[in-house]
1. Consider just the alpha-carbon atoms of the protein assembly as shown and return their Rg together with their Dmax, both in angstrom.
2. Could you work out, residue by residue across B:59-68, how many beta carbons of other chains sit within 10 Å of that residue's beta carbon, and then give the average as an integer?
3. Within 10 Å of each Cβ of B:102-110, how many other protein chain Cβ atoms are there on average?
4. Per DSSP H run of n ≥ 4, the term is -39500 (n - 2.57); total these for chain A, divide by its residue number, and report the mean residue ellipticity at 222 nm rounded to 500 deg cm²/dmol.
5. Over region B:86-226, what is the mean sequence separation of C-alpha contacts under 8 Å (at least six apart), divided by residue count, expressed as relative contact order in percent?
6. With the label 7 angstrom out along Cα to Cβ, how close does B:R18 come to the same site in each of the other copies, in nm, nearest first?
7. Eigenvalues of the Cα gyration tensor times 5, then square-rooted: what semi-axes does that give for region B:56-188, in whole angstrom, largest first?
8. What is the set of long-range amide H partners of B:V71 at a cut-off below 5 Å, with H atoms built 1.01 Å from backbone N?
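What follows draws every value from the coordinates through simple rules; no lab data is involved. Values in this document were obtained by computation on a predicted structure and should not be read as measured data. Glycine also receives a Cβ, built like all others from the backbone with ideal geometry; neighbour counts cover every protein chain displayed.
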Protein chains: 2
Amino acid sequence: MPASLIDVSEIPSLSRQRLGDQIADVLRKQIVVGELAPGSRIPERETSLALGVSRTPLREALLILESEGLVTMAPARSPIVANPSPKEVVDLLIVQSALEALAGDCACDTITEEEIGHIEELHGQMVAQADSTESIDFFQVDMAFHQAIVAATKNAPLIKTHAQYNSRLWRARYLSSRRRVKKRSLTLAEHGNILEGLRNRDRKRTSRALEKHLKTAIRNISTILAEPGTDA
Amino acid sequence: MPASLIDVSEIPSLSRQRLGDQIADVLRKQIVVGELAPGSRIPERETSLALGVSRTPLREALLILESEGLVTMAPARSPIVANPSPKEVVDLLIVQSALEALAGDCACDTITEEEIGHIEELHGQMVAQADSTESIDFFQVDMAFHQAIVAATKNAPLIKTHAQYNSRLWRARYLSSRRRVKKRSLTLAEHGNILEGLRNRDRKRTSRALEKHLKTAIRNISTILAEPGTDA
DNA sequence: CAAGATTATTTGGTATACCAAATTATGAAT
DNA sequence: ATTCATAATTTGGTATACCAAATAATCTTG
């Protein structure tokens with residue numbers, strides 16, 4: 001007796017979402033954190049049964065995830081979790097870098113004082129957790145920091161595209177983050193630089209700081225991906 | 001007796017694509033050129049019947065188009081062709097601008113001499129058609145010019161994301177292009193500048209030229225969208 | 001015993017059936 | 001005639017059924 005996906009104790013009339021979207025959310029989360037490993041199969045019948053739904057909405061979810069680049073659907077094979085090549089990861093990072101530089105530029109015009117405050121708070125959390133052994137916490141706040149900057153642009157397409165690139169890069173960046181526990185001070189310094197640019201609403205400084213920050217990430221991840229692949 | 005979508009006289013064994021993808025291609029083309037007007041309904045039964053397929057693959061196509069931002073699917077209403085607000089169009093253009101600037105930068109490293117030749121040829125076509133009354137031809141070559149630059153980066157995610165933004169912007173840019181027949185010389189001058197940057201593999205010049213070119217487009221489209229909406 | 005052919009089974013792709021919500025049409029009451 | 005309530009119908013969401021291709025298993029044959 002598989003449990004249904006969500007407790008439907010929400011507002012019964014409003015905000016009903018398609019099942020496919022909900023399933024996509026569930027699977028996306030599992031893929032992003034590596035619970036569903038890259039390359040692993042997602043058989044339609046088995047998975048839909050496990051989720052307590054039929055194949056139809058599961059299929060919709062898989063199509064959504066395919067369009068996001070998280071799932072690969074070959075003609076007559078089981079859908080598999082995307083397993084991006086090193087080159088593809090770098091390509092994704094290059095675009096992500098440009099998106100965040102743009103976001104920094106735009107955010108200087110659109111960000112509110114409250115939003116700056118929120119980002120400062122995130123930065124504070126990262127400083128506080130800099131010595132934490134739980135690398136996952138530090139990493140998640142790091143991601144939230146970047147997301148918050150993009151959100152401050154109020155540019156919906158930019159926010160969505162950035163989120164999608166983030167999903168595809170999450171795993172690679174997490175693995176990179178785990179090996180750089182010793183170098184968190186550099187991350188924090190770069191974040192501080194970005195934050196300073198935002199505070200002064202200095203478009204060039206902010207976008208350049210973000211660009212430089214991402215370039216660092218590209219360099220780090222490139223070296224990791226060059227190694228023979230030892231996974232989590 | 002509705003005709004089937006495609007003649008299956010292709011290689012029978014290889015490259016078989018899902019019906020949903022093919023339908024998405026058909027509908028995307030119709031949406032992009034305005035054959036399916038913004039805001040118009042796409043009833044599932046009626047449309048699937050007209051295309052000679054069942055609702056299932058049509059629905060897959062609609063989901064793909066929704067994820068591309070070309071179709072809006074509300075909870076219990078017929079899917080409708082997206083009708084982006086002026087603010088959204090500008091937001092899209094801002095991102096597209098950053099994507100093309102990035103492409104120009106990257107392409108300077110990756111573009112081949114053949115590809116430069118191809119782009120020069122496109123430029124030559126535009127020069128030749130500068131006085132053509134068929135604004136559609138000039139416009140399409142214009143789009144191809146930009147696509148070719150992005151393609152030269154060999155960055156698959158960038159190419160795909162750019163293509164999606166292009167789809168969503170196609171109509172707005174076409175309408176803008178039609179009102180600027182008199183100012184094609186400016187477009188050509190800016191393209192020449194971009195091309196020169198590519199020839200010299202000058203990353204800064206190329207990306208700046210593309211950025212400036214897109215900024216011009218944003219300005220033009222903004223003024224058009226500010227007017228009361230008279231359509232095609 | 002090994003290798004190839006053939007059958008059985010699994011799996012994705014598509015079509016159809018069913019349901020619930022929403023819209024439209026219809027009719028009664030003021 | 002207008003307005004509100006109610007019934008009929010349309011429409012999207014989900015489940016199920018069916019088919020063809022691909023894979024796995026089995027059997028036959030050299």
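1. Rg then Dmax for the protein assembly as shown, in Å: 23.3, 70.
2. 4
3. For this peptide, the per-residue mean of nearby foreign Cβ atoms is 2.
4. The helix contribution divided over chain A gives -22500 deg cm²/dmol.
5. 43 percent
6. 1.2
7. That gives 29, 20, 13 Å for the three semi-axes.
8. Excluding prolines and chain starts, which carry no amide H, the hits are B:E66, B:A82.
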